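A short write-up of the structure that comes next.
Read the figures in this text as sums done on the coordinates, not as results from a lab. Computed from a prediction, not measured in an experiment: that's the story for all the values here. Cβ placement follows ideal geometry from the backbone for every residue including glycine, while neighbour counts extend to all protein chains displayed.
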Amino acid sequence: MAAPNIVQVASLLGKTSGIALTTGGVDILENPAASGKVLKVSSLYVPNIDGSNAADATVNFVDATGPTTLRLASTVPVPPDKTLIVIDRDAPLYLEEGDKITGVASANGDLEAVVSYEELS
């Protein structure tokens with residue numbers, strides 16, 4: 001699992017993606033093994049789109065070298081029509097090859113995840 005030297009990158013692409021969180025869990029963002037890339041996550045938002053019910057969010061960092069799963073947010077209640085900020089630009093997270101961020105909601109259809117990141121290669 002090698003990662004490019006981020007001081008001498010040939011390509012830097014800004015990207016944003018999103019996914020609905022489920023009670024079964026989903027991969028929010030994954031850096032595939034042998035991608036030759038590093039993903040710099042600059043923000044991760046978890047909005048509650050339900051107008052009347054709170055829902056709990058759990059967001060994990062999965063380190064492929066372990067493999068080890070570490071909590072970024074653990075069963076944090078997100079009030080109706082509010083947003084949980086899990087990662088922001090002041091404290092970015094780097095995903096090396098094989099690493100990923102996963103998420104779980106306490107209720108289907110209530111929480112989404114929106115992630116903004118840079119793909120460095």
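Name the lysines eligible as straight-distance cross-link partners of Lys37: C-alpha to C-alpha under 29 Å, and not fewer than 8 places from it in the same chain. Qualifying lysines at Cα under 29 Å: Lys15, Lys100. Fewest-first ordering of Val76, Val38 by other beta carbons within 10 Å of each residue's beta carbon gives Val76, Val38. Here region 1-90 has an Rg and Dmax of 15.3, 48 Å, counting Cα atoms alone.
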